[in-house]
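For reference, the structure discussed in these notes is given below.
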Amino acid sequence: MLNSEETVKALNVMGEVFPNATTSLTKTDPFHFMLSVILSAQATDKAVNLVTPALFERYKTPVDLANASLPEVESYIKTLGLYRNKARFLVKCSQELLERFNGVVPKTRKELMSLTGVGRKTADVVLAECFGIPAFAVDTHVSRVAKRLAIVPPESDVLTIEKILMRKVPKDLWIKGHHRMIFWGRYQCMARNPKCETCPLLDICQEGQIRVMR
Ligand code: SF4
């Protein structure tokens, strides 16, 4: 496994290659951003960004969406996977937000995760992007890159990966580290055909893999 120092070194190399790594979802107010993150499950950020301007123009506040008809909400997001479920999540989440949080997006993971449609990853992304609260959200890219670089054991589940990353990486690098690993997974270390021949982390990656096999 890579130790803490080597992990930080790898994240810094990623930062040199992708100095502008940040969220690809359009940044809006916390309410709408949280909805964007819910919509991004099983969909690309690009696809989400295409539907959200009209959706958010129609439903400007939690009250608007809490009282919306499901078929109408569906009509705005039907290009996204699982759109029926997601429409239900958006309406229910808005209702709960009004009932329990006065229509204001809460700032703790526990409260966020109590809302329909909000899992741990979504909560972490909202905390980091909307409130600057350090969190290390683990998506498919973060998970793959962490395993390939042997930052985490190959059989690790999402929660284990998050805990190991939070242990090995200083808190002030969690948000940036999350973005860097996503860009790395998207453009360098793709699921299929990673660009290992041109990878500036090849040595670290091979060393990590060798240690895993020992
Ligand atoms: Fe990914 Fe290959 Fe680079 Fe390792 S060497 S981080 S597998 S692209």
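Bear in mind that the values in this text are calculations on the coordinates, not laboratory data. Remember, it's a predicted structure, so these values are computed and weren't measured experimentally. Please note: Cβ atoms are built from the backbone with ideal geometry, for glycine as well, and neighbour counts cover all protein chains shown.
Side notes on the structure shown:
- In terms of its C-alpha gyration tensor, the chain has a prolate overall shape, because the principal axis ratio a/c (a ≥ b ≥ c, square roots of the eigenvalues) is not below 1.5 and a/b outweighs b/c.
- Most positive-pole-ward Cα, 87, 126, 21, against dipole of region 1-131 from beta carbon charges: 87
- Three-way shape label, region 30-131, alpha-carbon gyration tensor, a/c 1.5: oblate
- Using only side-chain charges placed at the Cβ, +1 for Lys and Arg and -1 for Asp and Glu, the dipole size of region 30-131 relative to its Cα centre rounds to 260 debye.
- Under 14 Å from a label point set 7 Å out along the Cα-to-Cβ vector of residue 79, the amide N atoms of region 35-68 belong to 43-56.
- For the residue pairs 78/195; 107/147; 46/176, the alpha carbons lie more than 28 Å apart in 78/195; 107/147.
- Between region 1-39 and region 41-100, the alpha-carbon center distance in angstrom: 24
- Helix 174-187 and the longest principal axis of the Cα set of the chain meet at an angle near 80°.
- Computed helical MRE - 222 nm, the chain, DSSP H runs ≥ 4 contributing -39500 (n - 2.57), nearest 500: -19000 deg cm²/dmol
- Here is the list for region 91-193: GluC sites (Glu not before Pro) lying in DSSP coil, each with at most 16 other C-beta atoms within 10 angstrom of its C-beta, are 155.
- Within the chain: Cβ-based charge dipole about Cα centre, in debye rounded to nearest 20 (Lys, Arg +1; Asp, Glu -1): 300
- For residue 131 and residue 8, a Förster radius of 35 Å and the Cβ-Cβ distance give a FRET efficiency of 0.90, rounded to the nearest 0.05.
- Projecting label points 7 angstrom from Cα along Cα→Cβ for residue 186 and residue 99 puts them 3.6 nm apart.
- Using 0.36 nm per residue and subtracting the Cα-Cα separation, the extra length available between residue 58 and residue 163 on full extension is 33.9 nm.
- In plain terms, the chain from residue 110 to residue 211 could stretch by 32.7 nm, reckoned as 0.36 nm per residue minus the Cα-Cα distance.
- In degrees, nearest ten, helix 83-101 long axis to first principal axis of the chain (Cα): 80
- Rounded to 10°, Cα long-axis angle of helix 4-17 versus longest principal axis of the chain: 70
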